[in-house]
Amino acid sequence: MGGAQAGGGEPDDAAPFRVLPALDDENRFFWTSGQDGCLRFLRCEGCGYYLHPPSPRCPVCGGTELAPAAVSGRGEVFSFTVNHQPWDGSTEPYVVALVELPEQNGLRLTTNVVGCAAEDVHIGLPVRVRFEHRDPVWIPLFEPDGPAEPAVP
Ligand SMILES: [Zn+2]
């Protein structure tokens, strides 16, 4: 695949593969929403449409009365790729996924699926959100939302 080459920059040794988002007034609520364990999207108060990524105006009705609204945090894998690029030789293959949320057709989030082996991820896999706190943000990741399993240390 002719993907973009990372142009020779040194990996950031503090964060093996995550580039933390730059917060601004539009996206701050999204990246700090996990503080209370809840995933939120900007929602139009006029027609109820969820906007992701955040935008100043609803694309459906043109409304500008928008407010963060909590969603269930559950979804399913819409598509995914497994990244085998070894960062510092220490990172297991990880899964970059597009997770679709049940609240709205087409409401999808680019994220990582964690908490299971990369080969266990498949399209349609039910997942639920789990936040990773990387000050000052809470990164929404997803893990399989299966039946309760014994805790693994
Ligand atoms: Zn609207």
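Could you please let me know if residue 90 is loosely packed, with under 15 Cβ neighbours inside 10 Å, within 30 Å of residue 119 (Cβ to Cβ) and at pLDDT 95 or above?
Taking the combined requirement at face value, the residue does not satisfy it.
Going by what's in this entry, would residue 70 be described as more than 16 Å from the ligand (Cβ to nearest atom), of a type in the set (A, V, I, L, M, F, W, C) and in contact with a Cys (Cβ under 7 Å, 6 or more places away or on another chain)?
Here the answer is yes, as residue 70 does meet what is asked.
Got at least one residue in segment 57-77 being at pLDDT below 95 and of a type in the set (A, V, I, L, M)?
Checked segment 57-77: no residue is at pLDDT below 95 and of a type in the set (A, V, I, L, M).
Failed condition for residue 85, given (1) crowded, with 16+ Cβ neighbours inside 10 Å; (2) more than 16 Å from the ligand (Cβ to nearest atom); (3) not β-branched (Val, Ile, Thr), with all others met?
All conditions pass for residue 85, except number (1).
Scan segment 44-56 and tell me whether some residue there is among the small types (Gly, Ala, Ser), away from the ligand (no atom under 16 Å from the Cβ) and either part of a loop (DSSP other than H, G, I, E, B) or modelled with pLDDT of 95 or more (or both).
no
The values are calculated or read from the model by the stated rules, or taken from the named source; none is laboratory data. From a predicted model like this one, the values you see are computed outputs, not experimental measurements. Here the Cβ is made from the backbone with ideal geometry for all residues, glycine too, and neighbour counts use every protein chain on show.
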